[in-house]
Protein chains: 2
Amino acid sequence: MHIREILAEAERTGNPSFSFEYFPPKTAQGVQNLYDRMERMYNFGPKFIDITWGAGGRNAELTCEMVVQAQTYLGFEACMHLTCTDMGEEKVNDALRKAYKAGCTNILALRGDPPRDKEKWEATDSKFRYARDLVAHIRQTYGNHFDIGVAGYPEGCDDNKDEESLLDHLKEKVDMGASFIVTQMFYDADNFIRWVGKVRERGITVPIVPGIMPIATYASFLRRANHMNCKIPEEWMAKLEPVKNDDVAVRDIGKVLVADMCRKILAAGIRHLHFYTMNLAQATRMVLEELDWLPSPDRPLKHALPWKQSLGLGRRTEDVRPIFWRNRNKSYIARTQDWDEFPNGRWGDSRSPAFGELDAYGIGLTGSNEQNRKKWGEPTCVRDIADLFVRYLNKEIDYLPWSEAPVAEEADLIKKDLIELNKRGLITVNSQPAVNGAKSNHPVHGWGPSNGYVYQKAYLEMLIAPELFPEIKRRIEHHPDLTYHAVTKAGNLYTNAQFEGPNAVTWGVFPGKEIVQPTIVERISFLAWKDEAFQLGTEWARCYEAGNPSRLILEEIMNTWYLVNIVNNDFHRGETIFEVLEGLEAPNLDKVPGGQANGVANGATNGVEAST
Amino acid sequence: MHIREILAEAERTGNPSFSFEYFPPKTAQGVQNLYDRMERMYNFGPKFIDITWGAGGRNAELTCEMVVQAQTYLGFEACMHLTCTDMGEEKVNDALRKAYKAGCTNILALRGDPPRDKEKWEATDSKFRYARDLVAHIRQTYGNHFDIGVAGYPEGCDDNKDEESLLDHLKEKVDMGASFIVTQMFYDADNFIRWVGKVRERGITVPIVPGIMPIATYASFLRRANHMNCKIPEEWMAKLEPVKNDDVAVRDIGKVLVADMCRKILAAGIRHLHFYTMNLAQATRMVLEELDWLPSPDRPLKHALPWKQSLGLGRRTEDVRPIFWRNRNKSYIARTQDWDEFPNGRWGDSRSPAFGELDAYGIGLTGSNEQNRKKWGEPTCVRDIADLFVRYLNKEIDYLPWSEAPVAEEADLIKKDLIELNKRGLITVNSQPAVNGAKSNHPVHGWGPSNGYVYQKAYLEMLIAPELFPEIKRRIEHHPDLTYHAVTKAGNLYTNAQFEGPNAVTWGVFPGKEIVQPTIVERISFLAWKDEAFQLGTEWARCYEAGNPSRLILEEIMNTWYLVNIVNNDFHRGETIFEVLEGLEAPNLDKVPGGQANGVANGATNGVEAST
């Protein structure tokens, strides 16, 4: 989506919106940490994010990578910064091509800073002397594909303090095809408002987005303001200077100062704020909190679909996915990233051989072997492993091999039942409760446009001991509302599903639209997921050396247990699946492979217990 | 669907099923009447129908036509009879090609009667001496496309009374590839059961379908039995002969005799009965009633979709249609019959120019001008026309220009509101009530597989006087749940629908399947329907000569009124649309064009009345 549309929407509705800016970190670990942070900050609800241009070699590549990551995996609408004077035409074109391929449709076109070691700045390529040259070049090369933003300088620019001349340049950039302006940071709201007036007097009508720099520490506040030559109101210094050594106090006072500035700007008719996060979450979050702009149960973050959409090239129309990857979003996108199209919003063909590829990026275990061993400890029996799942459900562990992110909020509804199952050695990999027509703005279940209703069929996916499987199969097949698929690592498939095709397990009914059915259960994709699910467990086992009991128990489970999914097709009832599993317990819960039972012996040693 | 599958399903479930046989009538009017009758008999619930082969020229063509009609428009699974000895190979191939094109997948392969004027029968084409030759030819030419039935003769055949030799022939026919047997008529159940035993002894294992001839009159009963040399049990004669001049008594006694015979056959393990209807409904209906096999509110006829599917070639997967043709099924099929495919069960492209063709068969007014003038009388003002719609809703008129069949049962739920609207000059063309999750076997709203839930958004389509339109538009646009499209004959379109795409107004949720959404409202198809709707009114006007007041008032409505559809997107509420239209009344309800008001003058003469 073009940023000008996002800004127009805020104008039209009068509901203010905001965006975040990030820059390429210096280390690989920094990059990974930033991705994790960005993922959490997604839930603050920014309408788009900017990735600044990392001038030179690796940094430039990193900008492109971050844009891909943001668009494809994190679900952010991204705006890529691009400088021109320090790059040749070829490099500029290369960056644009990468942005295009990532599905990115927004570029902030900048001149580029002069290299630090030169007194006076010189252009690398004679084609690009000014940002306006880059604007013209992008328009010429890509037509209207990219929405183009340009920088505005309410307090002057590094090498040009002449406001009129800067306004001349701004007018030229807009005339060349820029459709929005993002300003440099400032703390003087009155000056900004005055400057906006001057911009408008020049006949520049495109939206102006103020750049807001939250206050993290006193030192960084001063340093940045000085670096940008940005005027600090006296009142601010009077309030911050006395507490300058108390970071907490600085942030508390700073958030109010910045929020007050934001309110002043909004009162002047601005509808969108752009936050310079400096790759940190806290200071920005505090300002948003102070403005009461963070999502809350009363005002939940709006999702178009129940899963996070990929905005990668050709994927914007995707609106159907198998439920199996619900907790493995990145793996699903990685598996399907080479698919050419999503006709009717769906993977082109789940029979594509690419669907089964297990060596693509993102499909393996999250985290290093060492990290994981530390996180998941040294389980030596089924009960130990089941305990990890209980701790995950209790939010004491933030990821598991089959779930890349902390447990979803909606699992709280069935948490008690899930924990109960795990305690009996039925290891729950994935689940969703039944929902019979919740309003689409429901804080937990809601997604999609307003005034709609959303539905879910109850779903449960488990690892099941082979001794238990025949009885579970018998019980499920006895029940008219349940359909299931079960499969071993070797691929022995059992199912009572009459149709091979998809079973919609999540759907929504919205005004003026067709029914949207974003999540399905389907045989062919379950078989693809099966490979991944057993592979993940095997990779976990390999975190331990050969002969280690943890490795043995994990391998035993992977090699002999069943992966079972159950759908309750009667979405009016949620509890049926748990009722059907009542009284079942895996045998040998405490048995250590090749050794004695671990701790207190378990009563059930073999086969199936009678149901109560 | 192959008849062998239908028969296997009856075997599998133990639920008996039945089928009807029709023959090509002699006159064009007879054909039209038969189609009407077949349409009514569709609701008895036959699993398929047979069309007998009309030997020679026009009659053979008529058989093919009837197969097309049955498959394409009437929604019957058809089995085409085909004789071979009186036809050359070319004619046989031509008939098969026509059956194939109609989507027909079942052939009853017959030898053919000897021409009456020849003592001994001779084959026309040396390739075809026996029915088995035709069976072999069909298998050779079409592989498994056609399911092939053959005739069985429990009481001997016209020119062969030798049971053993007939059983030899039957075995040969089955060995050549026939997969079911339909017997000639008989009244002696014991003999039939004995004969079935002989068939099985021969190692013939395909299903045997007994041909049942209901009793309409004593004369026809005797004539047919004698013609077929079929033994009449003494008890039957003893009961029927005494009342032979009382047709009603003959039918009443006959239905019990035939039903008792059917019960005997069923008790012997037969699961499907084939009725020789002789193109009449009553006698067959009485037997079905006696067997308690007719659909009832407790045991409704199962529909796969809420509209009658076309089984034409390539259309079996069609599962989405615009709501506008809900009452003009034939016209919709005719408009779309040349479409090559229905990808995702939907018209390939509603932008196809063919969609707008108004001169295809079946698109115009049902009935002749004279018939229609007689049926609809001589309306001279809006109130007269609205009265016709009230009478249609009260089932006093069985069709209107915009509705080819009597009003649907579900309209009863909103009948009072619809009549009220018509009385105020808001002429209701099409409607459906809201349904919030009725069980899929609901007697009125239900459709689709068992254990599902079906939903509808309330829908109303009307002709609206131009003076009323601005107020209606204002009220609808004021309501957050309503979307509408309005258009004049000239094509001025008004809508508040945000998306151009389809709005699903009927959908169903079923175990193990995707959501099925068979009925939609959509702009592009509404515009195509607009042309047809105004054309139909114009054709109605032309039933009257120029200058006739009926013609004038109908033309005025077509030329100046709006066609308006409204969807209430909140399917939890049904009454909203009627509430929104409260208190509105068309002006000049009694005004005769070019003349004085007709009858009592109406208070509202101009524009919009205040809402109450």
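Miscellaneous remarks
Matching residues to (1) over 21 Å from B:Trp293 (Cβ atoms); (2) free of Cβ contacts under 8 Å to residues at least 24 places away in the same chain:
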| site | (1), (2) |
| --- | --- |
| B:Glu172 | yes, no |
| B:Met176 | yes, no |
| B:Met185 | no, no |
| B:Phe192 | no, no |
| B:Val196 | yes, no |
| B:Met228 | yes, no |
| B:Asp246 | yes, yes |
| B:Val256 | no, no |
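- Filtered by the rule that a residue be over 26 Å from B:Ile49 (Cβ atoms) and either under 34 Å from the mean Cα position of the chain (by Cα) or aliphatic (A, V, I, L, M) (or both), segment B:126-162 gives a lone residue, B:Gln140.
- No other residue among B:Glu21, B:Glu39 is among the acidic types (Asp, Glu), part of a helix (DSSP H, G or I) and in contact (Cβ under 8 Å) with a residue 40 or more places away in the chain apart from B:Glu39.
- In segment B:70-104, residue modelled with the highest pLDDT [restricted to those that are assigned to a loop (DSSP other than H, G, I, E, B) and surrounded by fewer than 24 Cβ atoms within 10 Å (Cβ to Cβ)]: B:Glu77
- Top-ranked residue in segment A:271-314 [being among the polar types (S, T, N, Q) and open to solvent by 20 Å² or more (accessible area, probe 1.4 Å); ranked as nearest to A:Thr519 (Cα to Cα)]: A:Gln309
- Close pairs from segment B:469-481: first at negative phi, partner β-branched (Val, Ile, Thr) and modelled with pLDDT under 95, Cβ under 9 Å, at least 6 apart: B:Pro470/B:Val608; B:Glu471/B:Val608; B:Ile472/B:Val608; B:His479/B:Thr576; B:Asp481/B:Thr576
- Total residues in segment B:361-395, condition assigned to a loop (DSSP other than H, G, I, E, B), touching a helix residue (DSSP H, G or I) at 6+ places or on another chain (Cβ under 9 Å), modelled with pLDDT under 90 and more than 19 Å from B:Met462 (Cα to Cα): 6
- Scanning segment B:143-165 for residues that are crowded, with 19+ Cβ neighbours inside 10 Å and over 18 Å from B:Leu96 (Cα atoms) gives B:Ala151, B:Gly152, B:Tyr153, B:Pro154, B:Glu155.
- Some residue of segment A:434-447 being modelled with pLDDT of 95 or more and either under 23 Å from A:Ala586 (Cα atoms) or in a loop (DSSP other than H, G, I, E, B) (or both): yes
- Output for segment B:125-142, where each listed residue is buried (at least 17 other Cβ atoms within 10 Å of the Cβ) and either at pLDDT below 65 or of a type in the set (Asp, Glu) (or both): B:Asp133
- Those residues of segment A:450-463 which are open to solvent by less than 20 Å² (accessible area, probe 1.4 Å) and within 14 Å of another protein chain (Cβ to nearest Cβ), in sequence order: A:Gly452, A:Tyr453, A:Val454, A:Tyr455, A:Gln456, A:Lys457, A:Ala458, A:Tyr459
Per-residue answers, yes or no, for (1) among the basic types (Lys, Arg); (2) within 37 Å of the chain's Cα centre (by Cα); (3) part of a strand (DSSP E or B):
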residue: A:Glu164; (1), (2), (3): no, no, no
residue: A:Leu167; (1), (2), (3): no, no, no
residue: A:Leu170; (1), (2), (3): no, yes, no
residue: A:Val174; (1), (2), (3): no, yes, no
residue: A:Gly177; (1), (2), (3): no, yes, no
residue: A:Gln184; (1), (2), (3): no, yes, yes
residue: A:Asp190; (1), (2), (3): no, yes, no
residue: A:Arg194; (1), (2), (3): yes, no, no
residue: A:Val206; (1), (2), (3): no, yes, no
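- Unique match (being within 32 Å of the chain's Cα centre (by Cα) and more than 21 Å from B:Ser403 (Cα to Cα)) among B:Gly491, B:Gly452: B:Gly452
- For segment B:489-527, a tally of residues being open to solvent by 50 Å² or more (accessible area, probe 1.4 Å), within 10 Å of chain A (Cβ to nearest Cβ) and over 20 Å from B:Glu477 (Cβ atoms) returns 1.
- Qualifying residue in segment A:420-428 (condition: small (Gly, Ala, Ser), within 28 Å of A:Glu404 (Cβ to Cβ), assigned by TED's automatic domain parsing to the domain that holds A:Arg573 and part of a strand (DSSP E or B)): no
Conditions tested, residue by residue: (1) open to solvent by less than 20 Å² (accessible area, probe 1.4 Å); (2) out of contact with any Ser or Thr (no Cβ under 8 Å at 6 or more places or on another chain); (3) modelled with pLDDT of 90 or more.
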site: B:Phe23; (1), (2), (3): no, no, yes
site: B:Lys26; (1), (2), (3): no, yes, no
site: B:Gln29; (1), (2), (3): no, yes, no
site: B:Met41; (1), (2), (3): yes, no, yes
site: B:Lys47; (1), (2), (3): no, no, yes
site: B:Ile51; (1), (2), (3): yes, no, yes
site: B:Gly57; (1), (2), (3): no, yes, no
site: B:Leu62; (1), (2), (3): yes, yes, yes
site: B:Val68; (1), (2), (3): no, yes, yes
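- Meets criteria (open to solvent by 20 Å² or more (accessible area, probe 1.4 Å), in a loop (DSSP other than H, G, I, E, B) and away from chain A (no Cβ under 14 Å)) for B:Pro480: no
- Taking the listed residues A:Pro466, A:Pro470, the one that is open to solvent by 30 Å² or more (accessible area, probe 1.4 Å), part of a helix (DSSP H, G or I) and away from every other protein chain (no Cβ under 14 Å) is A:Pro470, with no other qualifying.
- The set of residues in segment B:316-329 that are buried (at least 20 other Cβ atoms within 10 Å of the Cβ) and either in contact (Cβ under 8 Å) with a residue 40 or more places away in the chain or in the same structural domain as B:Lys47 (by TED's automatic domain parsing) (or both) comprises B:Val320, B:Arg321, B:Pro322, B:Ile323, B:Phe324, B:Trp325, B:Arg326, B:Asn327, B:Arg328, B:Asn329.
- Conditions (1) over 24 Å from B:Ile414 (Cα atoms); (2) within 9 Å of chain A (Cβ to nearest Cβ): number failed by B:Asn436: (1)
The values are calculated or read from the model by the stated rules, or taken from the named source; none is laboratory data. As the structure is a prediction and not an experimental result, all values here were calculated from the model. Glycine gets a Cβ as well: all are built from the backbone with ideal geometry, and neighbour counts include every protein chain shown. Please note that ligands, DNA and RNA were not included when accessible areas were found on the heavy atoms of the full protein model with its side chains. Shrake-Rupley method; radii C 1.70, N 1.55, O 1.52, S 1.80 Å.
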